[in-house]
Amino acid sequence: MNNRKMIAGLIGAGRAALLGVSVWGVCACAMGMPQGYVPEIDVHAANYTDDYIHEYHLETIDGGNLHAGGSRIKPFSKGGTGGTECCAALPGVGQRIRIAWKTGDYNDLPSAWSTHVATTIVKGETSDDPDTDNYLIVRFFSHEQVEAEYIAQSIKFGSSRSPRADQLFTGQRVMRHPGE
């Protein structure tokens with residue numbers, strides 16, 4: 001066997017091994033994800049209250065940690081947005097989730113924070129189109145009301161922003177109310 005054939009054979013074997021690892025990784029991920037969940041979702045928060053939200057996280061309906069959330073969500077009067085988290089598998093549209101969050105003044109120590117928990121049904125829409133970015137917006141309203149909505153946003157050049165996306169994310173302070 002000449003050197004070219006031997007190198008080609010090794011490269012082919014390497015590609016096959018890499019493909020096998022890649023397929024196994026995708027299958028393992030999909031197999032470990034509960035039915036009805038949406039994979040690799042970014043989570044954003046919109047705060048329509050006067051509270052500073054130090055942190056929040058998403059939970060299953062029975063309190064299991066979904067490993068998604070964010071921190072340092074400014075009050076509405078200061079912009080109403082904050083940190084985001086990337087890439088968690090989350091319950092799909094129509095499923096219930098719990099949202100737990102902690103509020104307090106900006107400089108408060110954690111011992112002074114108030115803890116809140118609310119349950120909501122996830123609404124919105126997602127897409128399997130590779131030219132679409134799916135993300136979840138968690139909205140905080142007064143009286144411990146929360147919403148969770150999936151947004152399917154086209155990422156094609158020249159596409160317009162989803163009308164369901166909160167204007168807070170573009171720097172405009174436009175008040176939104178539950179159910180809008």
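Structure values in brief
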read-out	value
All positions within the stretch 44-63 that are within 18 Å of Ile97 (Cβ to Cβ), surrounded by fewer than 21 Cβ atoms within 10 Å (Cβ to Cβ) and of a type outside the set (A, V, I, L, M)	Glu55, His57, Glu59, Thr60, Asp62, Gly63
Candidates Thr103, Thr60, Thr170 - the one that is more than 21 Å from Asn47 (Cα to Cα) and of a type in the set (Ser, Thr, Tyr)	Thr60
Matching option when the condition is surrounded by 10 or more Cβ atoms within 10 Å (Cβ to Cβ), at pLDDT below 95 and within 18 Å of Ile121 (Cα to Cα), among Ile11, Ile41	Ile41
Conditions (1) hydrophobic (A, V, I, L, M, F, W, C); (2) outside any strand (DSSP E or B); (3) touching a Pro at 6+ places or on another chain (Cβ under 8 Å): number failed by Ile97	(2)
All positions within the stretch 52-77 that are modelled with pLDDT under 95 and charged (D, E, K, R)	Asp62
Neighbours by Cβ (under 8 Å, 6+ apart or cross-chain): first from the stretch 157-180, free of Cβ contacts under 8 Å to residues at least 40 places away in the same chain; second of a type in the set (A, V, I, L, M, F, W, C) and loosely packed, with under 15 Cβ neighbours inside 10 Å	Gln167/Val174
Contacts under 8 angstrom Cβ, first residue in the stretch 45-73 being farther than 23 Å from His177 by Cβ and assigned by TED's automatic domain parsing to the domain that holds Val122, partner of a type in the set (A, V, I, L, M, F, W, C) and part of a loop (DSSP other than H, G, I, E, B), 6 or more apart	His54/Trp113
Among (1) surrounded by 13 or more Cβ atoms within 10 Å (Cβ to Cβ); (2) at pLDDT 85 or above; (3) of a type outside the set (Val, Ile, Thr) - the single one Cys87 does not satisfy	(1)
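The values are calculated or read from the model by the stated rules, or taken from the named source; none is laboratory data. Just so we're clear, the structure is a prediction, and the values are computed from it rather than from any experiment. In this analysis, Cβ positions are derived from the backbone assuming ideal geometry, glycine residues included, and neighbour counts consider all displayed protein chains.
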